[in-house]
1. Taking region A:285-304 as the search range and keeping residues that are touching a Pro at 6+ places or on another chain (Cβ under 8 Å) and assigned to a helix (DSSP H, G or I), which one is farthest from the other protein chains (Cβ to nearest Cβ)?
2. Answer yes or no as to whether B:LEU99 is under 28 Å from B:GLU193 (Cβ atoms) and surrounded by fewer than 19 Cβ atoms within 10 Å (Cβ to Cβ).
3. If A:GLU76 meets every condition in (1) modelled with pLDDT under 90; (2) part of a helix (DSSP H, G or I) apart from one, which number is that one?
4. Of (1) free of Cβ contacts under 8 Å to residues at least 24 places away in the same chain; (2) assigned to a loop (DSSP other than H, G, I, E, B), B:THR282 satisfies all except one. Which?
5. Being under 22 Å from the mean Cα position of the chain (by Cα) and free of Cβ contacts under 8 Å to residues at least 12 places away in the same chain is the filter here; which residues of region B:162-195 pass it?
6. When you check A:GLY307 against the structure, is it out of contact with any His (no Cβ under 7 Å at 6 or more places or on another chain), over 22 Å from A:VAL190 (Cβ atoms), within 11 Å of chain B (Cβ to nearest Cβ) and assigned to a loop (DSSP other than H, G, I, E, B), yes or no?
7. If you take the residues in region B:292-323 that are modelled with pLDDT of 95 or more and among the β-branched types (Val, Ile, Thr), which one is surrounded by the fewest Cβ atoms within 10 Å (Cβ to Cβ)?
8. Sort out which residues of region B:138-152 are buried (at least 16 other Cβ atoms within 10 Å of the Cβ) and not aliphatic (A, V, I, L, M), and write them in order of number.
2 protein chains.
Amino acid sequence: MPTIRDIANKLGVAVSTVSKGLNGASDISEDMRQLVLDTAVEMGYAAKRIQKLGKRKVCILIENMEYESIDQFGYEIIVGFKLSAARRHCEVKVIPCNLNLQSQERFDSFMLKHGYSGAFLLGFTLHDDYISQLSKTTVPTVLLDNYIPNRRVGYVGTDGFTGIDLAVRHLADLSHHKIALLNGSKNSLVTEERQLAFTQSMGKYSLEINPGLMANGYYVPECAKDHVSVFLQNGATAIVCASDLIASGVIAELRRLGKRVPEDVSVVGFDDLPVAQHLIPTLTTIRQDRVAIGKSAFAMLEELIGGVNISKLLLMPELVVRDSTGPCPPEKQPLANLERS
Amino acid sequence: MPTIRDIANKLGVAVSTVSKGLNGASDISEDMRQLVLDTAVEMGYAAKRIQKLGKRKVCILIENMEYESIDQFGYEIIVGFKLSAARRHCEVKVIPCNLNLQSQERFDSFMLKHGYSGAFLLGFTLHDDYISQLSKTTVPTVLLDNYIPNRRVGYVGTDGFTGIDLAVRHLADLSHHKIALLNGSKNSLVTEERQLAFTQSMGKYSLEINPGLMANGYYVPECAKDHVSVFLQNGATAIVCASDLIASGVIAELRRLGKRVPEDVSVVGFDDLPVAQHLIPTLTTIRQDRVAIGKSAFAMLEELIGGVNISKLLLMPELVVRDSTGPCPPEKQPLANLERS
């Protein structure tokens, strides 16, 4: 581990300058401060300084996810995280992040500068600049729904295999056999996992896997328009959606096409956001316990800070049955189909 | 949630008898006590009583795993668990378990009778009687290396995908291309995961997947005898083993067959038990951080007791390179093979 003197020697500046840079003194230039921080991080200084801090302080960096009101996905996650942090007298700072902040400063330097012992990153995608830095970070970091192979970085999320399986089993129990999946955006760990889970579950219940009944949307209601009519043409009597917002779009589109939910087509959401209870009909969905995700993320971050390298922590989802799912229409059931053909 | 009166009514006995049964009083018969406990559990009384307990007490039930000295797999897991429990002022009782104890009493009744808030189960297999009861338990329970679909039951272990990938990548970097896997016993989650991880990794590094280079053993050195000569006949220049004990058997068997480690054949273990450093040559292995497993198991149990339903928690393994792996012998490398043929 380098000393302050090592950093000073490398930069060819005085020890006092390095010390000022690391401690946020105001009488050196911002450029010099940044240079000191970046060099300290490069030389592996970060972890040492953070360990020395007395009272702990961690941050939640959030991008591309709404969290300001209770009906938004990030809200309860942050509540859960803060609840657990408060019990351990750990200060939490929530920092909205954007590409600008990310490109201004390296992740490790940012953490060192502000004295954060660890970070919880919400809403980032694998293309983000910060994420690409995480494979080398020494800062304990927890990622929601993303995996980076680094001992200091953990992945927290909901067990998608069990979630999708609960949805498919529920629909299979209602005699549906042409079940569609309107998944989230491509190139995401969660999307890939749910895709795999869906084909596995369909196989498990001896249901036909039809590529015409699987599509990738994105996490807004509008994406339903592109896919619902195709699903109907391919015989779908049930649609599993990757989020409640997508499901709300699917229900609206089905209504526009003159289909009743659940009499003609059953719809299942994912997340159990407050909107699920307010849709007409109310939405059957796979609940992600977001307060529990937040609490677990803090527990995981605490372990990572303590040197216990948790790689992955998954929460158990729950099927919440409401009014948007019902029995497969009799004329669409396999036996009826056979008789007609 | 039933009251003591409900239980008394169901059994047709006095409320005082139920109370005595639940509180371990000595002036009722053991049979009556057991009946009261079983009925209470059946009626869903367990969770309530456990929540009411002041000072918490949890147990580690251990079967079919050695843990009494530091060179055994279970030892450090229990140390880690106890360390974290002590920090939270939680009492831990370690209970060696066997089929006899399991068949004497239902798991939930056992937990209720002794006032345990939760349990950590080590070494059990899916065939064990207790495990079959766990799909319905209301007692927060953590299982090592086993998954049961119940919201109150969590799975803790090491990320086998990353572990096997670290081993295969290390061997691929050393130009090995005929790599064998001597896996653990069949019908185990961990064995299946490692098998899948192995074929995925071999594919990832464009190495040939040969069924003649994969076998299931069991977790003792002796199992090597049945498989090493077959691997050699099929051209193996490296063998990945599911445990350090299996690896020690593989090294002994290679020596018996006149092969040098690592000059002729490289060997990789799994676990990093103390024996790995004492073998000749010292063993390259995939380290499972057992203290961290124990600490994480306690953290998970604490969350489960608090109502946060963690389904799965995986720790990051680490490749520890020692002397049992080396470059693939030049005459066995693909180019040389091509020239000879």
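1. A:LEU301
2. Details: under 28 Å from B:GLU193 (Cβ atoms): yes; surrounded by fewer than 19 Cβ atoms within 10 Å (Cβ to Cβ): yes.
So B:LEU99 passes the test.
3. (1)
4. So B:THR282 meets the others, but not (1).
5. Scanning region B:162-195 gives a single hit, B:GLU192.
6. Numbers: out of contact with any His (no Cβ under 7 Å at 6 or more places or on another chain): yes; over 22 Å from A:VAL190 (Cβ atoms): yes; within 11 Å of chain B (Cβ to nearest Cβ): yes; assigned to a loop (DSSP other than H, G, I, E, B): yes.
Answer is yes for this residue.
7. B:VAL321
8. Result: B:THR138, B:PRO140, B:THR141, B:ASP145, B:ASN146, B:TYR147, B:ASN150, B:ARG151, B:ARG152.
The values are calculated or read from the model by the stated rules, or taken from the named source; none is laboratory data. On a predicted model such as this, the values are computed, not experimentally measured, just so you know. Here the Cβ is made from the backbone with ideal geometry for all residues, glycine too, and neighbour counts use every protein chain on show.
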